[in-house]
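The block underneath contains the structure these notes are about, expressed in structure tokens.
The values are calculated or read from the model by the stated rules, or taken from the named source; none is laboratory data. None of the values given here were measured: they were computed from a predicted structure. Cβ atoms come from the backbone with ideal geometry, glycine included; neighbour counts cover every protein chain shown. Just so you know, the surface numbers come from the protein's heavy atoms only, side chains and all, with ligands and any DNA or RNA stripped out. Shrake-Rupley method; radii C 1.70, N 1.55, O 1.52, S 1.80 Å.
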There are 2 protein chains.
Amino acid sequence: MERGGSGVPGGRRKQRVSMADVAKLAGVSSQTVSRVSNGHPGVISSTREQVLAAMRELGYRPNSAARALRYGQFNTIGVILFSLSSTGNSRTVEAIATHAAAEGYAITLIPIDVPTQDNVLGAFTRMGELAVDAVIVIMEIHLLDTGTVQLPPGVHVVVVDSDAGDRYSVVDTDQADGARQAVRHLLDLGHRTVWHVTGPQASFAGQRRAHAWRAVLREAGRPVPPALYGDWSAESGYAAGLVLADPPDCTAVFAANDQMALGLLRAFHERGLSVPYDVSVVGFDDIPDAAFFVPPLTTVHQDFAEVGHRCVQKVLEQIRAGGGGQPGTDLVPTRLVVRGSTAAPRC
Amino acid sequence: MERGGSGVPGGRRKQRVSMADVAKLAGVSSQTVSRVSNGHPGVISSTREQVLAAMRELGYRPNSAARALRYGQFNTIGVILFSLSSTGNSRTVEAIATHAAAEGYAITLIPIDVPTQDNVLGAFTRMGELAVDAVIVIMEIHLLDTGTVQLPPGVHVVVVDSDAGDRYSVVDTDQADGARQAVRHLLDLGHRTVWHVTGPQASFAGQRRAHAWRAVLREAGRPVPPALYGDWSAESGYAAGLVLADPPDCTAVFAANDQMALGLLRAFHERGLSVPYDVSVVGFDDIPDAAFFVPPLTTVHQDFAEVGHRCVQKVLEQIRAGGGGQPGTDLVPTRLVVRGSTAAPRC
DNA sequence: TGACAGCATGTTTACGTAAACATGACGGCG
DNA sequence: CGCCGTCATGTTTACGTAAACATGCTGTCA
């Protein structure tokens, strides 16, 4: 009960139990232990029992390094990302981890604290040294496009949030369609035009949403107001809201995510504008809290779990096929969830 | 450009480049390659250059499985958790990943989708087979206390969100003190008593917050209203809010997290109760959005980054010391952030 | 009855790396 | 002038596993 787990008295370094130890105790060869350990047939049950007993007694656990060396693969997928703080990323990672686990793969996280060229390069270098069979990149891939940065050869890659579909396998939410639904919803309600608070310039998702917003307005022949630049944070949404509230000719805003929409709600409330009667607001993401904003937020639902799931599927396909998967973009559909933050404009 | 990366025409299995290949090309022994690869001294610069050139040409990457086998460690920390969806967990994990990376360690995530005994057991079994030097458990440790589940021997453990300080190294936010600050703040404002919306029963953090809430009220000789049970979600906070709004003798509520506080705000708003003039609300966590709720939420700030940091520190201490770290609880302080959701009661 | 199939188990080897030890060349100093 | 220390580099070995091959025993059928 007090022992450190090592039976060796005063044992200075815990020597892990190997097959050879089990074999000795069970009085068999280590190959037989291997067969038992891997559930291979051709071991008589009495022998098997003996081996299992020895394993239990010694607390044997297979050494995965040796296994990986032998098999040439690690059963591990690396996930490179910039931040776990955003709802989207953490939910996607969670789905990746869950589905990977179901397939017998573990997930290794490689965070990049500041997305400088150097850091990204460093992460990829580290990645190369890491024990991973494949990599999922949840990040703006164009950060990697300077030519100096190369993904390690022989490592399978799937990318999220990127337009690199011509070179990599890409999985992403259908950003453009989601944004179109949001803007059309507002136009359908009778708004003359729709303002937009963008995500950060560097985000491809943000770019796509902004692009679709602009496209819908143009198609409908509506004036395109200048975009307000945000950075995903509620604070930036709040700042944008203060700007929009000032000359109150804005009746509808599409925020590129729910948190900025929250900032908008707060700014409008502070300035005495009623949502949705004075201004309609639509968000993007459908974070769980969105239904409990005041008023409940109309927003575009993203299926992060599905994105994660498809990433794992694609990456496993690549691993199993052996070759690099063919490039291409796999879009996960979105769906507009209409709640209380949108309404027809006051006449 | 089209090749799979393997120079072998029709090569069916990508054979990774090993030291031996580099050595052959550079015309040296593989040991010299090893020395160059690890930056050891005692290699003349001309030789070094030759080796480096060969590495570049072949795209050599060290095989971490072989390395791990050789060294007996993986430079990897496993993180077992129940969900990444909560702000707290994902921020903690992010901090863990960042600090671990700075120390040359990678993070392997082991998610547990449903916290049944079986799943937890499975995760720990898998853990034993995984390539990790230590484990950080972000979860209710009492799920493991039935005796059937054993952490693999020889693996170092640090636990978050638990009272298992007598058996494991525990790092946690000072839940009790945070809750005390919240409740005292409300009492100091003149509220006769404070209601409480709890976290899930299974959460130790939730239990602690509830316990401290009760203790402060008792110490102050105030009546202790029945707790309302929540599950961290905004929805459960909303449900609690509807209950509290009905017989409006409640002037102050302490919610065990910010999302439930959001639900409360919405319920009160819907019932025409003004926050903070009719009811004061305090949350817990200080999620980034809390400052942009309507009204801005008074809440207890948790330093998740610090929790993650200390986890990594402790775990590395254990790895380096070789022995299991001594049990004990390391508490990270909290701080009350007063915003607009609290005020003195209407006389 | 002998030859051989089938089966349980043992032995050899290779995976890629790096520590430990071995070699050999060169130079300085007694 | 020869001995030895130093330094660059090569050779051997071990890490734990599992495939491939080897062994030896049992039972069956011609």
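In the stretch B:188-197, what residues are touching a helix residue (DSSP H, G or I) at 6+ places or on another chain (Cβ under 7 Å) and either open to solvent by 10 Å² or more (accessible area, probe 1.4 Å) or in a loop (DSSP other than H, G, I, E, B) (or both)?
Keep residues of the stretch B:188-197 that are touching a helix residue (DSSP H, G or I) at 6+ places or on another chain (Cβ under 7 Å), which gives B:193-197.
Listed by number, the residues that qualify are B:193, B:194, B:195.
Just one of B:100, B:54 is under 23 Å from residue B:172 (Cβ atoms) and either away from DNA strand C (no atom under 16 Å from the Cβ) or in contact with a helix residue (DSSP H, G or I) (Cβ under 6 Å, 6 or more places away or on another chain) (or both); which is it? First the steps, then the outcome.
Working: B:54 fails: under 23 Å from residue B:172 (Cβ atoms).
The unique qualifying residue is B:100.
Considering each residue of the stretch A:159-210, count those that are free of Cβ contacts under 8 Å to residues at least 24 places away in the same chain and among the acidic types (Asp, Glu), and give that number.
Going through the stretch A:159-210 one residue at a time, the tally reaches 1.
Of everything in the stretch A:20-29, what is within 12 Å of DNA strand D (Cβ to nearest atom), surrounded by 15 or more Cβ atoms within 10 Å (Cβ to Cβ) and small (Gly, Ala, Ser)? Give them in sequence order.
Residues of the stretch A:20-29 within 12 Å of DNA strand D (Cβ to nearest atom): A:20-24, A:29.
Now restrict to residues that are surrounded by 15 or more Cβ atoms within 10 Å (Cβ to Cβ): A:21-24.
Hit for the stretch A:20-29 is A:23, nothing else.
Scanning for something modelled with pLDDT of 90 or more and more than 13 Å from DNA strand C (Cβ to nearest atom), does the stretch B:28-46 turn up at least one residue?
Taking every residue of the stretch B:28-46 in turn, at least one turns out to be modelled with pLDDT of 90 or more and more than 13 Å from DNA strand C (Cβ to nearest atom).
What are the residues in the stretch B:216-232 that are open to solvent by less than 40 Å² (accessible area, probe 1.4 Å) and in a loop (DSSP other than H, G, I, E, B), if any?
Within the stretch B:216-232, the first condition is being open to solvent by less than 40 Å² (accessible area, probe 1.4 Å), and the residues that meet it are B:216-217, B:225, B:227-228, B:230.
B:225, B:227, B:230, listed by residue number.
Checking the conditions here, which among B:265, B:273, B:242 is touching a residue at least 24 places away in the same chain (Cβ under 8 Å), more than 26 Å from the chain's Cα centre (by Cα) and open to solvent by less than 10 Å² (accessible area, probe 1.4 Å)?
Details: B:273 fails: open to solvent by less than 10 Å² (accessible area, probe 1.4 Å); B:242 fails: open to solvent by less than 10 Å² (accessible area, probe 1.4 Å).
One residue alone meets the criteria, B:265.
Which of the helices (runs of 4 or more DSSP H) found entirely inside the stretch A:30-102 contain at least 1 residues meeting this: facing chain B (nearest Cβ under 9 Å), in contact with a Lys or Arg (Cβ under 6 Å, 6 or more places away or on another chain) and more than 10 Å from DNA strand D (Cβ to nearest atom)? So that I can check it myself, show each step before the final result.
On the way: elements: A:30-37, A:45-58, A:64-71, A:87-102.
Of the helices (runs of 4 or more DSSP H) lying wholly inside the stretch A:30-102, none has at least 1 residues that are facing chain B (nearest Cβ under 9 Å), in contact with a Lys or Arg (Cβ under 6 Å, 6 or more places away or on another chain) and more than 10 Å from DNA strand D (Cβ to nearest atom).
Can you run down the residue pairs with Cβ atoms below 6 Å, 6 or more apart or on separate chains, where the first is in the stretch A:92-113 and free of Cβ contacts under 8 Å to residues at least 60 places away in the same chain and the partner is polar (S, T, N, Q) and surrounded by 22 or more Cβ atoms within 10 Å (Cβ to Cβ)?
From residues that are free of Cβ contacts under 8 Å to residues at least 60 places away in the same chain, the pairs are A:106/A:76; A:106/B:108; A:108/A:76; A:108/B:108.
Among the listed residues B:76, B:87, B:92, which satisfies the condition of being open to solvent by less than 40 Å² (accessible area, probe 1.4 Å), in contact with a Cys (Cβ under 8 Å, 6 or more places away or on another chain) and closer than 30 Å to residue A:308 by Cβ?
Exactly one of B:76, B:87, B:92 is open to solvent by less than 40 Å² (accessible area, probe 1.4 Å), in contact with a Cys (Cβ under 8 Å, 6 or more places away or on another chain) and closer than 30 Å to residue A:308 by Cβ, namely B:92.
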